1. Report yes if residue 277 is touching an Asp or Glu at 6+ places or on another chain (Cβ under 9 Å), in contact (Cβ under 8 Å) with a residue 60 or more places away in the chain and closer than 17 Å to residue 113 by Cα, otherwise no.
2. When region 153-200 is examined, which residues are found to be in contact with a strand residue (DSSP E or B) (Cβ under 7 Å, 6 or more places away or on another chain) and among the aliphatic types (A, V, I, L, M)?
3. Of the residues that sit in region 160-201 and are among the small types (Gly, Ala, Ser) and at pLDDT 95 or above, which one is farthest from residue 221 (Cα to Cα)?
4. Among the listed residues 73, 92, which satisfies the condition of being surrounded by fewer than 16 Cβ atoms within 10 Å (Cβ to Cβ), at pLDDT 95 or above and polar (S, T, N, Q)?
5. If you check residue 206 against the conditions, is it over 28 Å from residue 157 (Cβ atoms), in a helix (DSSP H, G or I) and acidic (Asp, Glu)?
6. Mind listing whichever residues of region 196-242 are within 17 Å of residue 129 (Cα to Cα) and surrounded by fewer than 19 Cβ atoms within 10 Å (Cβ to Cβ)?
7. Got a number for residues in region 131-164 being more than 21 Å from the chain's Cα centre (by Cα), outside any loop (DSSP other than H, G, I, E, B) and of a type in the set (Val, Ile, Thr)?
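The values are calculated or read from the model by the stated rules, or taken from the named source; none is laboratory data. Remember, predicted model here, so these are calculated numbers, not experimental data. Note that each Cβ is placed from the backbone with ideal geometry, even for glycine, and that neighbours are counted across all protein chains shown.
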Amino acid sequence: MRGLLLKLLFSLMLCLFILGTVLTAFVWYVFNYSDDRPRSSSHPIRKNPEADPSGVCKECRENTIDKMVEIHSHTWKKQEANFKKFRSQLTSRCHGATKAIVTQVNTPLESKIVYDGEKRKPLVVTPKLFSTFLKEQPFKNVTWETCAVVGNGGILLNSSCGEEIDSAHFVFRCNLPPLDKGYEKDVGNNTDLVTANPSILLEKFEGLMEHRRPFVESLSSYRDSMLLLPAFSYGHNTPVSLRALYTLQDFNSPVQPIFLNPEYLQSLARFWRAQGLRAMRLSTGLIVASLALELCTNVHIYGFWPFAQHPHDRRPLTNHYYDNRQSKKTVHAMPAEFAHLLRLHGQGVLRVHLGQCASGPR
């Protein structure tokens with residue numbers, strides 16, 4: 001009798017299993033193939049704007065460019081009241097002069113560094129790590145009269161902006177751009193601070209795991225500038241950033257490596273969200289432009305045009321002034337960032353330069 005009950009129970013379980021399998025297959029089929037049915041005209045298929053072959057998206061981009069050119073075409077004049085108000089808001093929330101760079105003062109021994117992109121994996125500051133930090137903030141109690149923030153956009157090519165950029169008292173550059181090979185007349189060659197994303201160190205210099213001299217030699221055009229590294233954005237950025245620091249020390253390079261403070265990055269992200277900017281991560285260009293607004297009396301922006309057409313004659317532009325390599329559009333909201341900078345341009349807070357340059361910053 002007991003054996004019969006066990007057989008019946010087993011048969012029942014087998015039937016339920018088969019029925020469940022059939023139902024699962026049916027549900028999967030419905031959800032995966034229901035979209036093949038014709039849709040009514042009241043519910044049109046939403047296309048990916050970037051892949052739309054109809055030209056509608058192209059027209060939208062052209063309208064956006066037209067609007068931006070219209071804003072930029074007005075005679076620019078610095079509005080001191082607007083500048084001071086924006087700078088005060090930025091400084092009170094981000095404290096770039098004292099917090100932008102990791103130092104032994106703002107990041108003491110045995111404290112925990114919270115990664116900007118990995119907040120659940122804090123890093124304890126050991127004596128060895130602590131020794132790599134600057135002893136004090138390089139921007140404390142310093143204000144430059146005129147600063148040039150130089151992006152790498154293709155709009156800089158044939159711009160003749162080099163002399164104008166070099167006339168600034170402090171020059172920020174992004175992601176180790178080339179300053180030789182004839183680019184000097186368009187981008188200048190003076191540099192006081194240049195950033196380097198760890199991805200560049202991995203792609204161009206094997207993460208500094210092999211020959212390191214090419215990396216040091218590639219920095220010769222930046223002379224004794226500061227090299228800003230986002231060592232604490234993600235955990236995997238820390239080892240390669242430290243190797244960059246040790247390499248520069250071992251080769252007695254005049255370039256001074258410094259680390260971007262993740263606490264400052266978090267404050268800056270909150271500030272720009274409050275301004276209406278929605279982006280997964282702020283671009284390097286917007287980060288250094290924000291820092292410049294705290295440290296400089298007059299801020300001039302070059303090479304930040306985010307479109308593949310020139311604003312004035314619509315001729316095609318490469319993505320960078322030195323190549324046409326495309327960046328990841330899902331990470332940074334470049335057009336949206338530029339719109340915010342252009343808004344500040346219209347308010348007389350900073351000056352965005354587009355097209356040809358004629359003379360030094362005014």
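1. Against the criterion (touching an Asp or Glu at 6+ places or on another chain (Cβ under 9 Å), in contact (Cβ under 8 Å) with a residue 60 or more places away in the chain and closer than 17 Å to residue 113 by Cα), residue 277 does not qualify.
2. Answer for region 153-200, where residues must be in contact with a strand residue (DSSP E or B) (Cβ under 7 Å, 6 or more places away or on another chain) and among the aliphatic types (A, V, I, L, M): 156, 165, 168, 171, 176, 187, 193, 194, 196.
3. Ranking the candidates gives 160 first.
4. Of the residues listed, the single one that is surrounded by fewer than 16 Cβ atoms within 10 Å (Cβ to Cβ), at pLDDT 95 or above and polar (S, T, N, Q) is 92.
5. yes
6. Matches in region 196-242: 234, 235, 236, 239, 242.
7. 1
A quick yes/no check of all residues on (1) closer than 30 Å to residue 357 by Cβ; (2) under 15 Å from the mean Cα position of the chain (by Cα):
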site: 253; (1), (2): no, no
site: 261; (1), (2): no, yes
site: 280; (1), (2): no, yes
site: 296; (1), (2): yes, no
site: 305; (1), (2): yes, yes
site: 308; (1), (2): yes, no
